[in-house]
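The values are calculated or read from the model by the stated rules, or taken from the named source; none is laboratory data. What you are looking at is a predicted structure, and each value in this text was computed from that prediction instead of being measured. Don't worry about glycine lacking a Cβ; one is built from the backbone with ideal geometry, like all the others, and counts go over all protein chains shown.
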(Lines give C-alpha, C1' and ligand atoms only; values in the text may rest on other atoms or scores of the structure.)
Protein backbone atom coordinates (compact mmCIF):
# COMPACT_ATOMS: atom_id res chain seq x y z
CA UNK A 1 0.00 0.00 0.00
CA UNK A 2 1.31 3.44 -0.90
CA UNK A 3 1.85 6.01 1.81
CA UNK A 4 -1.15 8.28 0.95
CA UNK A 5 -3.40 5.22 0.95
CA UNK A 6 -2.03 4.14 4.32
CA UNK A 7 -2.60 7.63 5.67
CA UNK A 8 -6.17 7.60 4.37
CA UNK A 9 -6.73 4.21 5.93
CA UNK A 10 -5.37 5.45 9.27
CA UNK A 11 -7.66 8.48 9.08
CA UNK A 12 -10.67 6.27 8.39
CA UNK A 13 -9.75 4.02 11.31
CA UNK A 14 -9.39 7.14 13.46
CA UNK A 15 -12.85 8.36 12.45
CA UNK A 16 -14.50 5.01 13.15
CA UNK A 17 -12.74 4.85 16.52
CA UNK A 18 -13.80 8.47 17.17
CA UNK A 19 -17.42 7.41 16.66
CA UNK A 20 -17.00 4.61 19.18
CA UNK A 21 -15.28 6.94 21.65
CA UNK A 22 -18.04 9.54 21.17
CA UNK A 23 -20.84 7.06 21.85
CA UNK A 24 -19.15 5.48 24.84
CA UNK A 25 -18.35 8.90 26.32
CA UNK A 26 -21.98 10.03 25.97
CA UNK A 27 -23.29 6.77 27.41
CA UNK A 28 -20.79 6.80 30.28
CA UNK A 29 -21.34 10.42 31.28
CA UNK A 30 -24.40 9.85 33.50
CA UNK A 31 -22.55 7.09 35.36
CA UNK A 32 -19.24 8.87 35.78
CA UNK A 33 -20.68 12.27 36.65
CA UNK A 34 -20.25 13.32 40.25
CA UNK A 35 -22.14 16.53 39.84
CA UNK A 36 -25.50 15.22 38.67
CA UNK A 37 -28.61 15.57 40.79
CA UNK A 38 -28.39 12.08 42.29
CA UNK A 39 -24.76 12.45 43.36
CA UNK A 40 -25.51 15.80 44.94
CA UNK A 41 -28.46 14.32 46.81
CA UNK A 42 -26.64 11.16 47.91
CA UNK A 43 -26.44 12.45 51.53
CA UNK A 44 -30.25 12.31 51.69
CA UNK A 45 -30.23 8.52 51.22
CA UNK A 46 -30.60 8.04 54.95
CA UNK A 47 -33.01 10.93 55.55
CA UNK A 48 -36.61 10.22 56.48
CA UNK A 49 -37.88 13.52 55.12
CA UNK A 50 -37.35 15.17 51.79
CA UNK A 51 -34.68 17.83 51.90
CA UNK A 52 -35.07 21.25 50.38
CA UNK A 53 -33.09 21.72 47.18
CA UNK A 54 -34.39 25.12 46.15
CA UNK A 55 -36.65 27.39 48.13
CA UNK A 56 -38.95 29.60 46.04
CA UNK A 57 -36.92 32.48 44.56
CA UNK A 58 -33.74 31.03 46.06
CA UNK A 59 -30.45 32.17 44.64
CA UNK A 60 -28.20 29.80 46.57
CA UNK A 61 -29.06 26.53 44.91
CA UNK A 62 -27.12 24.21 42.62
CA UNK A 63 -30.27 23.50 40.65
CA UNK A 64 -30.05 25.35 37.32
CA UNK A 65 -32.88 27.43 35.88
CA UNK A 66 -35.21 27.14 38.84
CA UNK A 67 -38.78 28.36 38.79
CA UNK A 68 -38.91 31.18 41.37
CA UNK A 69 -42.49 30.26 42.27
CA UNK A 70 -41.70 26.64 43.07
CA UNK A 71 -40.10 24.98 46.06
CA UNK A 72 -38.16 21.86 45.09
CA UNK A 73 -37.13 19.20 47.53
CA UNK A 74 -35.88 15.68 47.06
CA UNK A 75 -34.85 12.51 48.73
CA UNK A 76 -32.63 9.85 47.26
CA UNK A 77 -33.48 6.19 47.77
CA UNK A 78 -31.80 2.87 47.38
CA UNK A 79 -34.15 -0.07 47.05
CA UNK A 80 -31.56 -2.63 48.14
CA UNK A 81 -32.75 -2.27 51.72
CA UNK A 82 -36.41 -2.64 50.83
CA UNK A 83 -39.24 -0.80 49.15
CA UNK A 84 -39.51 2.92 49.89
CA UNK A 85 -42.78 4.42 51.06
CA UNK A 86 -43.40 8.01 50.04
CA UNK A 87 -46.09 9.91 51.86
CA UNK A 88 -47.08 13.51 51.24
CA UNK A 89 -49.84 15.57 52.77
CA UNK A 90 -51.39 17.83 50.20
CA UNK A 91 -53.10 21.11 50.81
CA UNK A 92 -54.30 23.99 48.75
CA UNK A 93 -51.04 24.29 46.83
CA UNK A 94 -50.16 22.62 43.59
CA UNK A 95 -47.84 19.81 44.54
CA UNK A 96 -46.26 17.10 42.43
CA UNK A 97 -44.01 14.12 42.97
CA UNK A 98 -41.73 12.81 40.28
CA UNK A 99 -39.50 9.75 40.31
CA UNK A 100 -36.14 9.80 38.59
CA UNK A 101 -33.58 7.04 38.22
CA UNK A 102 -29.89 7.51 38.75
CA UNK A 103 -28.35 8.21 35.37
CA UNK A 104 -31.34 10.14 34.10
CA UNK A 105 -34.81 9.16 33.08
CA UNK A 106 -38.07 9.95 34.81
CA UNK A 107 -40.27 6.94 35.33
CA UNK A 108 -43.31 8.26 37.14
CA UNK A 109 -44.99 11.46 38.19
CA UNK A 110 -48.15 12.28 40.07
CA UNK A 111 -49.79 15.51 41.19
CA UNK A 112 -51.84 16.32 44.27
CA UNK A 113 -54.99 15.72 42.22
CA UNK A 114 -54.49 12.01 42.81
CA UNK A 115 -54.42 12.46 46.58
CA UNK A 116 -56.88 10.46 48.62
CA UNK A 117 -58.23 12.47 51.57
CA UNK A 118 -55.32 14.87 51.34
CA UNK A 119 -52.65 12.20 51.34
CA UNK A 120 -50.52 10.97 48.47
CA UNK A 121 -48.96 7.66 49.37
CA UNK A 122 -46.89 5.51 47.09
CA UNK A 123 -44.49 2.63 47.42
CA UNK A 124 -41.48 2.43 45.11
CA UNK A 125 -40.12 -1.05 44.62
CA UNK A 126 -38.15 -3.20 42.24
CA UNK A 127 -39.85 -5.79 40.05
CA UNK A 128 -38.61 -8.54 42.37
CA UNK A 129 -39.93 -6.80 45.46
CA UNK A 130 -43.30 -6.39 43.73
CA UNK A 131 -43.41 -10.10 42.97
CA UNK A 132 -42.57 -10.91 46.58
CA UNK A 133 -45.23 -8.51 47.86
CA UNK A 134 -47.82 -10.01 45.54
CA UNK A 135 -46.88 -13.52 46.62
CA UNK A 136 -47.07 -12.66 50.31
CA UNK A 137 -50.37 -10.87 49.94
CA UNK A 138 -53.62 -12.16 51.36
CA UNK A 139 -55.94 -12.72 48.42
CA UNK A 140 -59.02 -11.66 50.35
CA UNK A 141 -57.45 -8.45 51.57
CA UNK A 142 -55.33 -7.11 48.76
CA UNK A 143 -53.10 -4.20 49.62
CA UNK A 144 -54.37 -0.78 48.68
CA UNK A 145 -50.88 0.64 48.25
CA UNK A 146 -50.07 2.37 45.01
CA UNK A 147 -47.02 0.46 43.88
CA UNK A 148 -44.54 1.78 41.38
CA UNK A 149 -41.87 -0.38 39.85
CA UNK A 150 -38.55 1.41 39.55
CA UNK A 151 -36.35 0.44 36.60
CA UNK A 152 -33.22 0.68 38.77
CA UNK A 153 -32.43 0.36 42.43
CA UNK A 154 -31.18 3.88 42.94
CA UNK A 155 -33.09 7.05 42.26
CA UNK A 156 -34.64 10.26 43.42
CA UNK A 157 -38.05 11.36 44.54
CA UNK A 158 -38.52 15.02 43.72
CA UNK A 159 -41.24 17.12 45.29
CA UNK A 160 -42.41 20.38 43.77
CA UNK A 161 -44.77 22.77 45.50
CA UNK A 162 -45.95 25.88 43.73
CA UNK A 163 -46.54 29.18 45.49
CA UNK A 164 -49.08 30.96 43.30
CA UNK A 165 -48.46 34.19 45.25
CA UNK A 166 -45.25 35.35 46.92
CA UNK A 167 -47.05 35.21 50.29
CA UNK A 168 -47.44 31.44 49.88
CA UNK A 169 -43.73 30.80 49.49
CA UNK A 170 -43.28 29.78 53.10
CA UNK A 171 -46.18 27.35 52.84
CA UNK A 172 -44.75 25.89 49.62
CA UNK A 173 -41.39 25.42 51.28
CA UNK A 174 -42.98 23.66 54.24
CA UNK A 175 -45.06 21.45 51.96
CA UNK A 176 -42.00 20.47 49.94
CA UNK A 177 -39.99 19.68 53.07
CA UNK A 178 -42.63 17.58 54.78
CA UNK A 179 -42.73 14.61 52.43
CA UNK A 180 -41.62 11.46 54.18
CA UNK A 181 -39.64 8.77 52.42
CA UNK A 182 -38.95 5.78 54.61
CA UNK A 183 -37.93 2.20 54.01
CA UNK A 184 -41.02 0.04 54.14
CA UNK A 185 -40.51 -2.67 56.72
CA UNK A 186 -41.96 -5.96 55.54
CA UNK A 187 -44.86 -7.04 57.74
CA UNK A 188 -43.80 -9.55 60.36
CA UNK A 189 -44.41 -13.05 59.04
CA UNK A 190 -46.86 -15.10 61.03
CA UNK B 1 3.11 -21.19 -26.52
CA UNK B 2 5.16 -22.06 -23.52
CA UNK B 3 7.33 -19.86 -21.40
CA UNK B 4 10.50 -21.32 -20.18
CA UNK B 5 11.76 -20.26 -16.82
CA UNK B 6 15.43 -20.64 -16.20
CA UNK B 7 15.88 -23.40 -13.72
CA UNK B 8 18.30 -21.36 -11.71
CA UNK B 9 20.04 -18.08 -12.22
CA UNK B 10 23.77 -18.22 -11.80
CA UNK B 11 23.77 -15.53 -9.11
CA UNK B 12 20.50 -16.47 -7.44
CA UNK B 13 21.84 -16.65 -3.85
CA UNK B 14 23.36 -13.20 -4.19
CA UNK B 15 20.10 -11.74 -5.56
CA UNK B 16 18.02 -13.39 -2.86
CA UNK B 17 20.18 -12.02 -0.07
CA UNK B 18 20.04 -8.56 -1.64
CA UNK B 19 16.22 -8.87 -1.85
CA UNK B 20 16.08 -9.82 1.82
CA UNK B 21 18.16 -6.83 2.73
CA UNK B 22 15.91 -4.49 0.75
CA UNK B 23 12.71 -5.89 2.19
CA UNK B 24 14.18 -5.78 5.71
CA UNK B 25 15.07 -2.14 5.34
CA UNK B 26 11.64 -1.50 3.82
CA UNK B 27 9.99 -3.24 6.75
CA UNK B 28 12.04 -1.18 9.15
CA UNK B 29 10.89 2.06 7.50
CA UNK B 30 7.34 0.75 7.37
CA UNK B 31 7.21 -0.33 11.00
CA UNK B 32 8.19 3.13 12.15
CA UNK B 33 5.58 4.81 10.02
CA UNK B 34 2.95 2.23 11.04
CA UNK B 35 3.51 3.16 14.68
CA UNK B 36 3.15 6.80 13.75
CA UNK B 37 -0.04 6.07 11.84
CA UNK B 38 -1.52 4.11 14.75
CA UNK B 39 -0.65 6.97 17.07
CA UNK B 40 -2.23 9.37 14.60
CA UNK B 41 -5.42 7.28 14.33
CA UNK B 42 -5.73 6.97 18.11
CA UNK B 43 -5.24 10.68 18.67
CA UNK B 44 -7.79 11.49 15.96
CA UNK B 45 -10.21 9.11 17.70
CA UNK B 46 -9.67 10.58 21.15
CA UNK B 47 -9.70 14.23 20.08
CA UNK B 48 -12.67 13.96 17.76
CA UNK B 49 -14.61 11.49 19.90
CA UNK B 50 -14.24 13.24 23.23
CA UNK B 51 -14.44 16.70 21.66
CA UNK B 52 -17.65 15.95 19.82
CA UNK B 53 -19.16 14.24 22.89
CA UNK B 54 -18.34 17.30 24.98
CA UNK B 55 -19.74 19.63 22.34
CA UNK B 56 -22.93 17.58 21.94
CA UNK B 57 -23.86 17.89 25.61
CA UNK B 58 -22.54 21.41 26.11
CA UNK B 59 -25.66 23.28 25.16
CA UNK B 60 -29.26 22.26 25.07
CA UNK B 61 -30.89 18.87 24.54
CA UNK B 62 -29.95 18.00 20.97
CA UNK B 63 -32.95 15.83 20.10
CA UNK B 64 -36.68 15.57 20.65
CA UNK B 65 -37.54 19.26 20.54
CA UNK B 66 -41.05 20.42 19.89
CA UNK B 67 -41.77 23.98 18.82
CA UNK B 68 -44.59 26.41 19.26
CA UNK B 69 -43.84 29.83 17.81
CA UNK B 70 -40.89 31.25 19.70
CA UNK B 71 -41.13 28.54 22.35
CA UNK B 72 -39.52 25.17 22.40
CA UNK B 73 -39.60 22.23 24.74
CA UNK B 74 -38.07 18.79 25.08
CA UNK B 75 -40.86 16.86 26.80
CA UNK B 76 -39.27 13.45 26.39
CA UNK B 77 -36.41 14.46 28.69
CA UNK B 78 -38.88 14.06 31.55
CA UNK B 79 -39.91 10.56 30.57
CA UNK B 80 -38.61 7.02 30.42
CA UNK B 81 -37.68 7.59 26.78
CA UNK B 82 -35.03 10.25 27.47
CA UNK B 83 -32.30 9.73 24.89
CA UNK B 84 -28.64 9.17 25.91
CA UNK B 85 -27.69 12.72 24.94
CA UNK B 86 -30.43 14.16 27.14
CA UNK B 87 -29.24 11.95 30.01
CA UNK B 88 -25.69 13.19 29.51
CA UNK B 89 -26.90 16.81 29.48
CA UNK B 90 -28.81 16.14 32.71
CA UNK B 91 -25.69 14.63 34.28
CA UNK B 92 -23.68 17.70 33.33
CA UNK B 93 -26.18 20.36 34.38
CA UNK B 94 -27.68 18.54 37.41
CA UNK B 95 -31.05 19.71 36.21
CA UNK B 96 -34.14 17.87 37.40
CA UNK B 97 -36.56 17.99 34.45
CA UNK B 98 -40.30 18.36 34.75
CA UNK B 99 -41.85 14.94 34.26
CA UNK B 100 -44.51 14.57 31.61
CA UNK B 101 -47.19 14.01 34.24
CA UNK B 102 -46.19 17.16 36.13
CA UNK B 103 -46.17 19.66 33.35
CA UNK B 104 -44.29 21.06 30.44
CA UNK B 105 -41.41 23.55 30.50
CA UNK B 106 -40.97 25.70 27.39
CA UNK B 107 -38.10 28.06 26.82
CA UNK B 108 -37.55 30.94 24.44
CA UNK B 109 -34.34 32.73 23.56
CA UNK B 110 -35.76 34.55 20.55
CA UNK B 111 -38.76 36.75 19.95
CA UNK B 112 -41.59 35.74 17.64
CA UNK B 113 -39.71 37.20 14.65
CA UNK B 114 -36.64 35.11 15.39
CA UNK B 115 -34.43 37.86 16.84
CA UNK B 116 -32.36 37.04 19.92
CA UNK B 117 -33.81 38.35 23.17
CA UNK B 118 -31.59 41.14 24.43
CA UNK B 119 -31.71 43.18 27.61
CA UNK B 120 -31.36 46.36 25.56
CA UNK B 121 -34.84 45.93 24.10
CA UNK B 122 -38.32 45.93 25.55
CA UNK B 123 -40.67 43.05 24.88
CA UNK B 124 -44.32 42.32 25.30
CA UNK B 125 -45.25 38.72 26.07
CA UNK B 126 -48.77 37.77 26.03
CA UNK B 127 -52.35 37.32 25.56
CA UNK B 128 -52.90 33.61 26.12
CA UNK B 129 -51.40 30.34 27.27
CA UNK B 130 -52.56 26.75 26.74
CA UNK B 131 -54.80 25.18 29.29
CA UNK B 132 -53.02 24.41 32.54
CA UNK B 133 -53.83 24.41 36.22
CA UNK B 134 -51.06 26.93 36.82
CA UNK B 135 -48.44 28.48 34.64
CA UNK B 136 -45.39 30.53 35.49
CA UNK B 137 -43.44 32.88 33.25
CA UNK B 138 -39.83 33.49 34.31
CA UNK B 139 -37.15 35.80 32.96
CA UNK B 140 -33.57 34.56 33.08
CA UNK B 141 -30.32 36.43 32.57
CA UNK B 142 -27.48 35.34 30.30
CA UNK B 143 -26.17 32.90 32.92
CA UNK B 144 -29.52 31.14 33.27
CA UNK B 145 -30.36 32.57 36.69
CA UNK B 146 -33.72 34.22 37.38
CA UNK B 147 -33.13 37.94 37.00
CA UNK B 148 -32.41 39.77 40.23
CA UNK B 149 -34.34 43.03 40.10
CA UNK B 150 -34.96 45.72 42.65
CA UNK B 151 -38.57 44.61 42.88
CA UNK B 152 -37.44 41.03 43.68
CA UNK B 153 -39.58 39.83 40.84
CA UNK B 154 -38.28 37.58 38.11
CA UNK B 155 -41.60 36.22 36.88
CA UNK B 156 -45.32 35.91 37.17
CA UNK B 157 -47.62 33.04 38.00
CA UNK B 158 -51.02 32.59 36.37
CA UNK B 159 -52.69 33.48 39.67
CA UNK B 160 -50.99 36.82 40.20
CA UNK B 161 -50.75 38.18 36.66
CA UNK B 162 -53.08 41.10 35.95
CA UNK B 163 -55.59 40.38 33.21
CA UNK B 164 -57.77 42.58 31.06
CA UNK B 165 -61.53 42.29 30.57
CA UNK B 166 -61.42 39.36 28.17
CA UNK B 167 -59.04 37.33 30.33
CA UNK B 168 -55.88 37.93 28.32
CA UNK B 169 -52.70 39.23 29.84
CA UNK B 170 -49.57 40.97 28.67
CA UNK B 171 -46.24 41.13 30.46
CA UNK B 172 -43.81 43.88 29.48
CA UNK B 173 -40.10 43.21 29.88
CA UNK B 174 -37.76 46.17 29.79
CA UNK B 175 -35.53 48.57 31.64
CA UNK B 176 -38.19 51.30 31.96
CA UNK B 177 -41.08 50.76 34.40
CA UNK B 178 -44.45 50.15 32.79
CA UNK B 179 -47.91 50.00 34.31
CA UNK B 180 -49.43 46.56 34.60
CA UNK B 181 -47.32 43.44 34.51
CA UNK B 182 -43.74 44.61 34.28
CA UNK B 183 -40.56 42.61 34.59
CA UNK B 184 -37.37 44.58 35.02
CA UNK B 185 -34.69 43.48 32.57
CA UNK B 186 -31.06 43.31 33.67
CA UNK B 187 -28.56 45.96 32.54
CA UNK B 188 -27.28 44.06 29.56
CA UNK B 189 -26.80 40.65 28.03
CA UNK B 190 -29.00 38.05 26.49
CA UNK B 191 -32.31 37.10 28.03
CA UNK B 192 -34.11 33.80 28.31
CA UNK B 193 -37.75 33.16 29.04
CA UNK B 194 -39.34 30.05 30.45
CA UNK B 195 -43.02 29.25 30.39
CA UNK B 196 -43.89 26.35 32.66
CA UNK B 197 -47.31 24.78 32.41
CA UNK B 198 -48.15 22.76 35.50
CA UNK B 199 -50.70 19.99 35.28
CA UNK B 200 -51.47 20.49 31.64
CA UNK B 201 -52.99 18.23 29.01
CA UNK B 202 -50.61 19.78 26.47
CA UNK B 203 -47.74 17.58 27.56
CA UNK B 204 -49.37 14.47 26.18
CA UNK B 205 -49.30 15.74 22.60
CA UNK B 206 -45.91 15.00 21.09
CA UNK B 207 -46.25 16.70 17.73
CA UNK B 208 -45.56 20.35 17.09
CA UNK B 209 -47.86 22.55 19.09
CA UNK B 210 -50.23 25.19 17.80
CA UNK B 211 -48.34 28.48 18.18
CA UNK B 212 -51.59 30.47 18.40
CA UNK B 213 -52.38 29.21 21.89
CA UNK B 214 -48.94 30.19 23.18
CA UNK B 215 -47.98 33.72 24.17
CA UNK B 216 -46.22 35.67 21.48
CA UNK B 217 -43.02 37.60 22.25
CA UNK B 218 -43.18 40.93 20.51
CA UNK B 219 -40.24 43.33 20.41
CA UNK B 220 -41.32 46.88 21.27
CA UNK B 221 -38.39 49.28 21.11
CA UNK B 222 -34.67 49.03 21.60
CA UNK B 223 -32.56 51.40 23.60
CA UNK B 224 -29.40 53.05 22.33
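Points worth noting:
- Subset of segment A:66-89 [more than 9 Å from chain B (Cβ to nearest Cβ), crowded, with 22+ Cβ neighbours inside 10 Å and assigned to a strand (DSSP E or B)]: A:71, A:73, A:75, A:76, A:77, A:84, A:86, A:88
- Check on residue B:90, assigned to a helix (DSSP H, G or I) and either under 30 Å from residue A:95 (Cβ atoms) or in contact with a strand residue (DSSP E or B) (Cβ under 7 Å, 6 or more places away or on another chain) (or both): yes
- Odd one out for residue A:175 among (1) part of a loop (DSSP other than H, G, I, E, B); (2) more than 13 Å from chain B (Cβ to nearest Cβ); (3) in contact with a strand residue (DSSP E or B) (Cβ under 6 Å, 6 or more places away or on another chain): (1)
- When residue A:92 is tested against (1) more than 14 Å from chain B (Cβ to nearest Cβ); (2) surrounded by fewer than 16 Cβ atoms within 10 Å (Cβ to Cβ), just one condition goes unmet, and that condition is (1).
- One residue alone among B:30, B:14 is farther than 23 Å from residue B:196 by Cα, surrounded by 11 or more Cβ atoms within 10 Å (Cβ to Cβ) and at pLDDT below 90, and that residue is B:30.
- Number of the exception - residue A:9 against (1) within 27 Å of the chain's Cα centre (by Cα); (2) in a helix (DSSP H, G or I); (3) more than 7 Å from chain B (Cβ to nearest Cβ): (1)
- Residues in segment A:97-140 that are away from chain B (no Cβ under 14 Å), under 20 Å from residue A:178 (Cβ atoms) and without any contact (Cβ under 8 Å) to a residue 40 or more places away in the chain: A:116, A:117, A:118, A:119, A:121.
- When A:151, A:56 are checked against the criterion of being part of a loop (DSSP other than H, G, I, E, B) and over 30 Å from residue A:29 (Cβ atoms), A:56 stands alone in meeting it.
- Candidates B:86, B:82: the one that is under 12 Å from the mean Cα position of the chain (by Cα) and farther than 19 Å from residue A:70 by Cβ is B:86.
- Just so you know, in segment B:187-224 the residues that are within 14 Å of another protein chain (Cβ to nearest Cβ) and assigned to a loop (DSSP other than H, G, I, E, B) include one that is modelled with the lowest pLDDT, and it is B:200.
- Complete set of residues in segment B:132-141 that are within 13 Å of residue A:66 (Cα to Cα) and either surrounded by fewer than 21 Cβ atoms within 10 Å (Cβ to Cβ) or more than 7 Å from chain A (Cβ to nearest Cβ) (or both): B:137, B:139, B:141
- In segment A:12-42, the residues that are more than 7 Å from chain B (Cβ to nearest Cβ) and in contact (Cβ under 8 Å) with a residue 12 or more places away in the chain: A:31, A:38, A:41, A:42
- Some residue of segment A:143-152 being surrounded by 22 or more Cβ atoms within 10 Å (Cβ to Cβ) and within 27 Å of residue A:42 (Cβ to Cβ): yes
- Counting the residues of segment B:34-53 that are within 19 Å of the chain's Cα centre (by Cα) and either more than 8 Å from chain A (Cβ to nearest Cβ) or buried (at least 18 other Cβ atoms within 10 Å of the Cβ) (or both) gives 3.
- Given (1) part of a loop (DSSP other than H, G, I, E, B); (2) within 11 Å of chain A (Cβ to nearest Cβ); (3) over 27 Å from residue B:185 (Cα atoms), number of the condition residue B:144 does not satisfy: (3)
- Among the conditions (1) buried (at least 20 other Cβ atoms within 10 Å of the Cβ); (2) in contact (Cβ under 8 Å) with a residue 12 or more places away in the chain, the only one that residue B:146 does not satisfy is (2).
- Restricting attention to segment A:154-172, the residues that are surrounded by fewer than 20 Cβ atoms within 10 Å (Cβ to Cβ) and assigned to a strand (DSSP E or B) add up to 1.
- Residue check, residue A:59 within 25 Å of residue B:60 (Cβ to Cβ), surrounded by fewer than 17 Cβ atoms within 10 Å (Cβ to Cβ) and within 12 Å of another protein chain (Cβ to nearest Cβ): yes
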